[in-house]
1. HN-Hα J couplings of segment 308-314 from phi, Karplus 6.51/-1.76/1.60, θ = phi - 60°, integer Hz, Gly and Pro as x?
2. Accessible area of segment 1-129 with a 1.4 Å probe: how many percent of it is carbon plus sulfur?
3. Return the calculated 222 nm mean residue ellipticity for the chain, to the nearest 500 deg cm²/dmol, obtained by summing -39500 (n - 2.57) across DSSP H runs with n ≥ 4 and dividing by the residue count.
4. How high is the relative contact order of segment 84-152, in percent, with contacts defined as C-alpha pairs under 8 Å that are six or more residues apart?
5. With a cap of 15 neighbouring Cβ atoms within 10 Å, and only residues DSSP puts in a loop, list the GluC sites (Glu not before Pro) found in segment 209-299.
6. Averaged over all directions, how much area does the convex hull of the C-alpha atoms of segment 332-438 cover when projected, in nm²?
7. If ligands, DNA and RNA are left out, what is the accessible area of Tyr428 with a 1.4 Å probe, given in Å² to the nearest 10?
8. Please give the per residue accessible area of segment 462-562, computed with a probe of 1.4 Å over protein heavy atoms only, in Å².
Amino acid sequence: MSDPHPNQFALLSQRRFAPFFWTQFLGAANDNVFKFAFTMLVTYRLSVAWMPPAMAGLVIGAVFIAPFLLFSATSGQLADKYDKGMLTRMVKNLEIVIMVLGTVGLFVTNVPLLLFCIFLLGLHSTLFGPVKYAYLPQHLSERELTGGNGMIEMGTFVAILIGNVIGGVLIALPEGYWLPSARAVALTSLALAVAGRVVAHWVPATPSTAPGLKVNWNPFSETWRNLKVARESIVVFRSLLGISWMWFFGAVFLSQFPALAKDVLHGNEHVASLLLVVFSVGIGTGSLLCETLSRRHVEIGLVPVGAFGMTVFAVDLYFATRGLPAPAAPYTLAAFTAGSEAWAHWRALLDLALLALFAGLYSVPMYALIQLRAQPTHRARIIAANNILNALFMIVSSVGVGLLLKAGFTIPEVFLVVGLLNAVVASYIFLLVPEYLLRFLAWILTHLIYRFRVRGEQHIPIEGAAILVSNHVSFVDAVLLMAASPRPIRFIMDHRIFAIPVLGALFRLGKAIPIAPQREDAAAYENAFAQARAVLADGQLLCIFPEGGLTKDGELAEFKGGIMKVLATHPVPVVPLALQNLWGSFFSRIEKGAAMVKPFRRGLFTPVGLVAGPAVPAAEVSPDLLRSRVAALLQQR
């Protein structure tokens, strides 16, 4: 990998990312040009007895999504077994063949052939999906992964928007135009497919992660096996469910845009297009914001932020759209944005934009987390299983919305139900996987209470077992260290901290390891070291505060020798850390040893720092050496 980029947009100038980005962008645009134009063709131009206009969108959508259910398991295996650059070019070759068939179908107006092309386009997307998300971790570092995923998500939704616009414009060309509308769509789609294949030529080699894999062609048993592999990491598996829930949530709104525009907002087809534009821009903006808000790490603390915003603005969309009076004629775009009900319309648009923005904040960190934590040899297969779950959740979403509407619910009431249900589902996921909640609290602490600056973060290992040692200044030191690390950390902490309200519950959620002095509780003392060894044996990060307690005067105390007992059986690298400028804050001891007694004694947004130093090999470690390293880091400015 090359050196980290200054921001996510700089990736577009690098071969490891740019050709792949434009390949997937052109593919997504082409899918939507063809799908939308075909839908409009059947709805407005053709008379097909077995597919009435009201059912056209549903039938075409179902045909497109069917391959995700049938072939995702196989596509995931292929992406793990073979070079992803080669697979990308093969998939784009398939797209050209599909568009040749599509061109024939549009020239002769053969609906069954066009439906078959829709199925093949679904197959094309099914084959490319696992490649897309398994490709990124092999070319991007941990610090680039969130930004790269944000770019991909933004590009996908912009491509969908552009594809729908182009498809709609082309199929609406007037009769007698020099190029008939259906043929214009055919030639445009074929040109996009060829352009995608040309760009794919520059996608770099991406070696197989499981070259010896024997492909299991049974999609049902393979999907079940991949889900079992994903379940080995609770965070990964719950993230799969969380992403699938996001697609359930999003499908409710996307499927109701035409009816929302026509029956609730009383606008014409241009208003429906405006809703799609607003939603796409919102998703793209939220996806791009993830890198900035996460400080270029995989920050799952943004997921609760996204879930909260999704609920708030879905509920407000209900209040903004209920009971709007119907005009004598449907609103044009100008009347919709400047007429008598313009304030309510702008409120609805703002709700929709912010709902989509927060959905971007919700989904991008989850995708990045799966890529980072999934076993590399099974990464594409796990992503393929995720695609199957996404498809199933979207089908359930469509059925559920249909049942609610049939039961007499209005569209705004459907939005209200889904918004409230989102709060319940998100809370359930966060309770099942406390890491989301803990990282959220860490994000709040480092963005809204302190101005947190991390230096030397490259010394905090992103894989493998290691011990972190830090000075101990405040009751939130562990939360700050958690915010700085791309991986979960298990902390050894004084057992008395667990008796503090709120903080104690927080540290128990984080599976912190309580330790008591040996003379006070010999069993707890030995159990702490046993748990510490298990953490390292599992390849995780362990953090120790060698001072043995909070500083009482702001100075660095003597380091105790407990770490040597851990290193005796598990000789792993030790990374020194120094927390700066926390002394005197609300969470530190001051004024006769009291802490957390004057909330505003330092004010909000106090600058706080963390400096990480190079790892010390286990053979060189001593308490005095570690203390001197931490003391030197404390002096850095």
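The values are calculated or read from the model by the stated rules, or taken from the named source; none is laboratory data. Note that the structure is a prediction, hence the values are computed from the model and not measured. Note that we place each Cβ from the backbone using ideal geometry, even for glycine, and neighbour counts take in every protein chain shown. The accessibility values were calculated without ligands, DNA or RNA, using every heavy atom of the protein model including side chains. Shrake-Rupley method; radii C 1.70, N 1.55, O 1.52, S 1.80 Å.
1. Along segment 308-314, the couplings run 4, x, 4, 5, 4, 7, 5 Hz.
2. 72 percent
3. Rounded to the nearest 500, it is -21000 deg cm²/dmol.
4. Value for segment 84-152: 32 percent.
5. Glu232
6. Quarter of the Cα hull surface area: 9.7 nm².
7. 140 Å²
8. I get 42 Å² per residue for this part.
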